[in-house]
1. Considering only segment 37-126, give the helices (runs of 4 or more DSSP H) lying wholly within it that have at least 3 residues that are out of contact with any helix residue (DSSP H, G or I) (no Cβ under 7 Å at 6 or more places or on another chain) and under 25 Å from Gly146 (Cα atoms).
2. I'd like the full set of residues that are over 15 Å from Cys106 (Cα atoms) and of a type in the set (A, V, I, L, M), limited to segment 60-75.
3. Does Val31 satisfy the criteria of being part of a helix (DSSP H, G or I) and touching a residue at least 60 places away in the same chain (Cβ under 8 Å)?
4. Give me a count of the residues in segment 84-113 that are surrounded by 15 or more Cβ atoms within 10 Å (Cβ to Cβ) and closer than 30 Å to Val48 by Cα.
5. Would you point out which residue out of Ile3, Ile11 is in contact with a helix residue (DSSP H, G or I) (Cβ under 6 Å, 6 or more places away or on another chain) and within 21 Å of Met157 (Cα to Cα)?
6. Testing Leu28 on (1) over 17 Å from the mean Cα position of the chain (by Cα); (2) at pLDDT 95 or above; (3) closer than 20 Å to Pro172 by Cβ, one condition comes back false. Which one is that?
7. Can you tell me which residue is farthest from Pro130 (Cα to Cα) among those in segment 20-55 that are among the hydroxyl-bearing types (Ser, Thr, Tyr) and surrounded by 12 or more Cβ atoms within 10 Å (Cβ to Cβ)?
8. Scan segment 127-147 for residues that are more than 18 Å from Leu57 (Cβ to Cβ) and either in a helix (DSSP H, G or I) or touching a Ser or Thr at 6+ places or on another chain (Cβ under 9 Å) (or both) and jot them down.
Amino acid sequence: MAILLGLVRCIDRLNEWVGKLAGVISLLMVVVVTGDVIMRYAFDTTFVAVQELEWHLFGVMFLLGAGYTLLKDEHVRVDVFYQRLNRKAKAWINFLGVLFFLLPGCYLVLDTSWKFFSMSLAIHEGSGDPGGLPARYVLKAFILIGFALVALQGVSMGIKAFMEIIGKPIQPAPGTTEKPVSPEGEGA
């Protein structure tokens, strides 16, 4: 049990830290977009590399933030029924969802994107536009990193659900902002 608890805490702290990094990237993206807009409308000029940097930063922010969002249980969910279930029923849904959907889905994306990334790296793929960013394969590497973080968080989520099912719930790690396990009987 101590090994599982240590693994859960390690994964949760990693995604907590990466989520904060995604927040910093968000701020950087706002600065880049603001600078691009000022250059475009005040000086009637723009750079392809700056425009590409905007969507590269957005992609990295999105991919790095996905595991953090799963940690916080903030992914979009149609929870018309889920929200009314007790903790053990929610744990079963989470456990089965992780086992049969989340982890296999992450595996498929990781397997496909590894090939996508390695081909891009092999040819040192860059922007197709003159003046664009030189290393597009770096962005493609973040697909791997992002989905690996989601898969790791899925492992943590699955362990937490399993522990809830067997009646030994894991409380959030100290120093994280994850919501604590609510008392039995509450729907949350």
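The values are calculated or read from the model by the stated rules, or taken from the named source; none is laboratory data. If you're wondering where the values come from, they're calculated on a predicted model, not measured in any experiment. Neighbour counts run over all protein chains shown; Cβ positions are idealised from the backbone, glycine included.
1. Correct list: 48-71, 103-122.
2. Val60, Met61, Leu71
3. No; evaluated as a whole, the condition is false for this residue.
4. 3
5. Ile11
6. (3) is the only condition that Leu28 fails.
7. Restricting to residues being among the hydroxyl-bearing types (Ser, Thr, Tyr) and surrounded by 12 or more Cβ atoms within 10 Å (Cβ to Cβ), the top hit is Ser26.
8. Hit for segment 127-147 is Phe147, nothing else.
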